[in-house]
Structures are given as C-alpha cells and as structure tokens.
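**Student:** To start, I am sharing the structure in question, which I have written as structure tokens.
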Amino acid sequence: MRMTVIGTGYLGAVHAVCMADIGHDVLGVDIDATKIEALGAGTAPFYEPGLQETLTRALGSGRLRFTTSLQEAAEFGEVHFICVGTPQRPDSPAADLRHLDAVVDGLAPHLRRPCLIVGKSTVPAGTTARVAARVTALVPEGTDVEVAWNPEFLREGFAVEDTLRPDRLVAGVSSPRADTVLRTVYAPMLRAGVPYISTDPATAELVKVAANSFLATKISFINAMAEVCDAAGADVATLADALGHDNRIGRRFLSAGLGFGGGCLPKDIRAFMARAGELGVDDSVAFLREVDEINRRQRRRTVDIARDMVGGDFADRRIAVLGATFKPNSDDVRDSPALAVAAAVHREGAAVRLYDPEGIENARSVLPQLEYVHDVAKACEEADLVLHLTEWSEFRRIDPAALAESLSSPRILDARNALDAALWRSAGWTVRALGRPTPAALPNQQAAALTTAVYSS
Ligand code: UDX
C-alpha cells in the first residue's frame, strides 16, 4: 500500500522503516528538516537495536522516502499514520495534543483522494471522534476520509522487533472498510498468527493507556513491597521470584528498584487520570496517584540511602554514577530516574562523574553541570560511592575486585537490584540495594545462608 508516516520520532521512524521493510511504499514526514535529511541519507536519528540496518535496507529497496511536506503526503497516501508526540502539558497532567492537531490541520485541506487516517500516538479516550470531526470540517468537499486508531505498544530497545513481531494488533475502527485496510497493512503479521483485535476507536485508545497503567502499577506494587521488605528485613528479589511463579502474576515487570521513567509510563498514567477526571470517573483511577507517588518515592529513597552511605552529607563527596538512560539498550533520558538521582545528589553538593554506554550526549544536554566520562573505571576513580542506576549488561560484567583498587573505601548502591551482591561483597565492597537486607545487619548464620542461597541465584 502507499502510506505516509507523519512524525518521525521514536514511534514514527521505526514504524516507517518497518512498513517499508514488509513491502509497503512509505513516505515519512516530519517538520524537522534536519531529521528528514538525516533519515533520507540513511542515518538513524537515535540508538535503537536493529534500526540502522533496517533503515539502510528499506532505503535500498526504493520503498522508503522522506519529506517535510504535508501536501506531498496528502497526494501520496492511501493510508496516513499519525505518530507525533503527545507529551504531558507544561501546565497540567493532561496530554498535549498540539502536534496531533497541527498535523490534522496541515494534512486534511490537501486530501483529494479517498484515504484512511490512522492515529498511533497514545491519546486520551475520545480523541478519534474529535479528530474525525476536525477532518470532516477541513477536507475538500467530496473527499472520502475516515479516521481510525491503532495504538502502538513498542518498547524502546525492542522497537523494531516489537513492530515487526508485535504480541497483538489493536484496530479501533468505525467501518468494515477501515478494518479491511488495516488488515491489508498488517497482512504479513496476520499470516504469522499475531492476534488482531478489531474494536471501536474508544476501546482501542483505552487499551493503550490501560496497558501502560497496569505495567506501572505492577512496578509500583513491587517497589512498595521493597519498602516493606526494608522495614521487615526481608528480601524483595526472592519475594518477586516466589510471586512470579504464580502464572496469574508472572515475574515480568516485577523487578524492584529505582522505578519507571521514560517518555511513556509516567506521562501516560497522569494523562489517564486527567482524562478520567473529565469523564467524571476520577475515583476509578485514583489508585494511579499512589502508583505515581510510590514511583517518585523510589528516587528520593535512593538519594536518602546514598547520603547515608557517605556519612549523612553529600558536600564535597565524589559520587560515581553508572547509568543515565531510563532503561538499558536505549539512549533516551526522558524522565530518567537515573538522571533525577544524579541531579539531586549534585544539587546537595556532591561532585558527580557519570558514565553511560549510550546516553551521555543526551544526558549532557539536559544536565551539563555533571562531569561525563567514557568508561566505568574513570567514573569510579577515587569515588566515595558508586551508584548503579541503569542496569546495562556492561555493568553486570564489571570485575569488582579490579574496580575496587582505585577506591579507598569501595561502596556501591545497586538501585536496580541487578548486580551479584555476593560477588561484590567478596571483593571487598560494601553493597546496599533497595528492598534487600544487608548481610552485616543480620545474625551471622542467616547472613551466610543469604549470601550463598539468595545472592548466588
Ligand atoms: C512502555 C511500554 O512497555 C510499552 O508497551 C509502551 O508502548 C511504551 O511504554 P518503554 O517506555 O520503552 O515502554 O519502557 P518499559 O520497558 O516499559 O520500561 C519502563 C520503565 O519501567 C523503565 O524505566 C524500566 O527501568 C522500569 N521497570 C521496568 C522497572 O522499574 N521494573 C520492571 O520490572 C520493569
């Protein structure tokens, strides 16, 4: 099919490239001329496993082009995917639909052929209906244009994989014709057996925010349990493993630590609460306020434990930070818990030296006051404390014995519960984590059992 993908940010760039890869003729559109030029020249605009190769292949096939012109897009496409950002509004927790409206206003007056506009951005329930009304008011008379919603569930770090092999497709459509168009777009996925849920637009819009709310709730649940574990001298990692064996619960998204961040989960739950308020059902999602608060608390708790580990005051302390991105395998630092902690520690007077495998440039642009270095050893040199804040696999491969040599008193706070604490302790490190007991605080026998049984697992 001839399709346009409007907005070439995280979602749109990946979608455009993948749609061309499965055989469609794709025109990617963005108002950012620099980005369009780079994409057209074959440069992926951000770090995402598999994206660069897929972009090169798609451009080579001749099925992918880029433009900044919405008029050209209108003339080209049978299907127009809208993939622009819907960030949190600066003045409220609600979603900012400015970019979405700008695309509709720029595209609709140029539409002269029958087409389907498909929103993919995460939006408040009711947006499809609102967009459809706006389109109807703007399209030239006689042009047959329909609007559908097809939310995207891709995870950063797995974006290409999730787009080519999604775990489900959700189509919010108002007519059998729109449904047929979307089934044609995704034909290779349907042939591969991907579940396809065809529903009304409002349900489709809600599936996305409900899914993200559930995931956020699951993370905040285990982080609340981590707080209880700290108070009770229990171990949240073992607790999560034991809970996870129950198929109804499952172990995924049950890793306690610094909590969730990124461009989606935090703003999506806030926008959901705002929309529920408008719909008069704020009580139904009031629990999300607590989910958000538990999540913010993990950042504060991490700073508190870190301060405690350096003797109660950060002034003139040297703090090494491992990790800047909101999660591994991404260079994204939007609402990153790691950066929030690094900034707080710096604000309290510490000298912060940070290393991240992919996020340094993005981190530097939002927090230029920190010192950035290009390897773990340099970051940790002579540090009073090391903070492990994003669980890159590179950090799990650190040799703690070798690293300890450049520190007079090696101390690490593993805020992601991802390091082998027994190994680090045996190399002379003082290790603390969130929701896990410190062996020194326990009677000897119990401590020995913990070290062998729990931390080696
Ligand atoms: C999320 C959704 O997973 C995805 O389906 C949606 O389309 C967009 O939002 P993403 O933002 O890429 O994707 O990140 P995700 O992998 O969900 O992780 C979100 C945050 O939760 C990260 O900061 C991560 O570190 C944290 N997290 C995740 C935990 O703290 N514990 C866990 O057990 C899992």
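The values are calculated or read from the model by the stated rules, or taken from the named source; none is laboratory data. Bear in mind that the values here come from a model prediction, so they are computed numbers and not experimental data. A quick note on method: Cβ atoms are made from the backbone with ideal geometry, for glycine too, and the neighbour counts reach across all protein chains shown. These area figures cover heavy atoms from the full protein model, side chains too; ligands, DNA and RNA do not enter into them. Shrake-Rupley method; radii C 1.70, N 1.55, O 1.52, S 1.80 Å.
**Student:** Please list, ordered by first then second residue, the pairs with beta carbon atoms under 8 Å, 6 or more apart or interchain, first in region 264-279 and over 9 Å from Pro124 (Cβ atoms), second open to solvent by 40 Å² or more (accessible area, probe 1.4 Å) and within 11 Å of the ligand (Cβ to nearest atom).
**Tutor:** Taking only residues 6 or more apart or on different chains, the pairs are Leu265/Leu215; Pro266/Asp335; Lys267/Asp335.
**Student:** Out of all the residues in region 373-381, is one or more buried (at least 21 other Cβ atoms within 10 Å of the Cβ) and either in contact with an Asp or Glu (Cβ under 7 Å, 6 or more places away or on another chain) or closer than 20 Å to Arg300 by Cβ (or both)?
**Tutor:** No, there is no match, as no residue in region 373-381 is buried (at least 21 other Cβ atoms within 10 Å of the Cβ) and either in contact with an Asp or Glu (Cβ under 7 Å, 6 or more places away or on another chain) or closer than 20 Å to Arg300 by Cβ (or both).
**Student:** Sort out which residues of region 215-255 are open to solvent by 10 Å² or more (accessible area, probe 1.4 Å), within 17 Å of the chain's Cα centre (by Cα) and within 10 Å of the ligand (Cβ to nearest atom), and write them in order of number.
**Tutor:** Across region 215-255, the qualifying residues are Leu215, Lys218, Ile219, Arg252, Phe253, Ser255.
**Student:** Another question, then. So which of Val291, Val303, Val345 ends up being closer than 30 Å to Leu11 by Cβ and among the hydrophobic types (A, V, I, L, M, F, W, C)?
**Tutor:** Answer to the selection: Val291.
**Student:** Can you list residue pairs whose Cβ atoms sit under 6 Å apart, with the first residue in region 411-438 being closer than 16 Å to Leu258 by Cβ and the second being of a type in the set (Gly, Ala, Ser) and not in a loop (DSSP other than H, G, I, E, B)? Count only pairs 6 or more apart in sequence or on different chains.
**Tutor:** Within 6 Å, the pairs are Leu413/Ala306; Asp414/Ala433; Asn417/Ala237; Asn417/Ala433; Val431/Ala421; Leu434/Ala226; Gly435/Ala226.
**Student:** I'm trying to understand the selection: among the residues of region 183-214, which are open to solvent by 20 Å² or more (accessible area, probe 1.4 Å), part of a helix (DSSP H, G or I) and among the small types (Gly, Ala, Ser)?
**Tutor:** Ala187, Ala202, Ala210, Ala211
**Student:** If we scan region 133-149, do we find a residue that is surrounded by fewer than 18 Cβ atoms within 10 Å (Cβ to Cβ), within 16 Å of the ligand (Cβ to nearest atom) and not in a helix (DSSP H, G or I)?
**Tutor:** No, that holds for no residue.
**Student:** Which one is farthest from Leu11 (Cα to Cα) among residues in region 122-132 that are free of Cβ contacts under 8 Å to residues at least 60 places away in the same chain and open to solvent by less than 40 Å² (accessible area, probe 1.4 Å)?
**Tutor:** The extreme case among them is Ala132.
**Student:** Among the residues of region 358-367, is any crowded, with 24+ Cβ neighbours inside 10 Å, within 14 Å of the ligand (Cβ to nearest atom) and of a type outside the set (S, T, N, Q)?
**Tutor:** Yes, some residue in region 358-367 is crowded, with 24+ Cβ neighbours inside 10 Å, within 14 Å of the ligand (Cβ to nearest atom) and of a type outside the set (S, T, N, Q).
**Student:** Residues Ser121, Ser174: which one is within 14 Å of the ligand (Cβ to nearest atom) and either closer than 21 Å to Val103 by Cα or of a type in the set (Gly, Ala, Ser) (or both)?
**Tutor:** None of the other options fit; the residue is Ser121.
**Student:** Conditions: (1) open to solvent by 30 Å² or more (accessible area, probe 1.4 Å); (2) in contact with a strand residue (DSSP E or B) (Cβ under 6 Å, 6 or more places away or on another chain); (3) part of a helix (DSSP H, G or I). Leu39 meets all but one. Number of the miss?
**Tutor:** Single failed check for Leu39: (1).
**Student:** Only one of these is outside any helix (DSSP H, G or I), out of contact with any helix residue (DSSP H, G or I) (no Cβ under 7 Å at 6 or more places or on another chain) and either touching a residue at least 60 places away in the same chain (Cβ under 8 Å) or open to solvent by 30 Å² or more (accessible area, probe 1.4 Å) (or both): Gly157, Gly85. Name it.
**Tutor:** Unique residue meeting the criteria: Gly157.
**Student:** Scan region 170-181 residue by residue and report those that are open to solvent by less than 50 Å² (accessible area, probe 1.4 Å) and over 19 Å from Val84 (Cα atoms).
**Tutor:** Hits for region 170-181 are Val173, Ser175, Ala178, Asp179, Val181.
**Student:** Within region 47-82, how many residues turn out to be of a type outside the set (Lys, Arg) and crowded, with 17+ Cβ neighbours inside 10 Å?
**Tutor:** 21
**Student:** Then there's this: When region 104-132 is examined, which residues are found to be assigned to a helix (DSSP H, G or I) and either in contact with a Cys (Cβ under 9 Å, 6 or more places away or on another chain) or at pLDDT below 95 (or both)?
**Tutor:** The answer is none; no residue qualifies.
**Student:** For the structure I just gave you, tell me whether Val386 is surrounded by 15 or more Cβ atoms within 10 Å (Cβ to Cβ) and closer than 19 Å to Ala315 by Cα.
**Tutor:** When the stated conditions are applied, Val386 passes them.
**Student:** For Pro93, state whether it is in contact (Cβ under 8 Å) with a residue 24 or more places away in the chain, part of a loop (DSSP other than H, G, I, E, B) and either buried (at least 16 other Cβ atoms within 10 Å of the Cβ) or of a type in the set (S, T, N, Q) (or both).
**Tutor:** Yes: the conditions hold for Pro93.
**Student:** When you check Arg416 against the structure, is it of a type in the set (Lys, Arg) and more than 19 Å from Val341 (Cβ to Cβ), yes or no?
**Tutor:** Considered against the rule, which asks whether it is of a type in the set (Lys, Arg) and more than 19 Å from Val341 (Cβ to Cβ), Arg416 comes out as no.
**Student:** Sticking with this structure for a sec: With the checklist (1) surrounded by 20 or more Cβ atoms within 10 Å (Cβ to Cβ); (2) within 24 Å of the chain's Cα centre (by Cα); (3) of a type outside the set (Lys, Arg) in hand, flag the one item Ile319 doesn't pass.
**Tutor:** Evaluating Ile319 over (1) surrounded by 20 or more Cβ atoms within 10 Å (Cβ to Cβ); (2) within 24 Å of the chain's Cα centre (by Cα); (3) of a type outside the set (Lys, Arg) leaves (2) as the failure.
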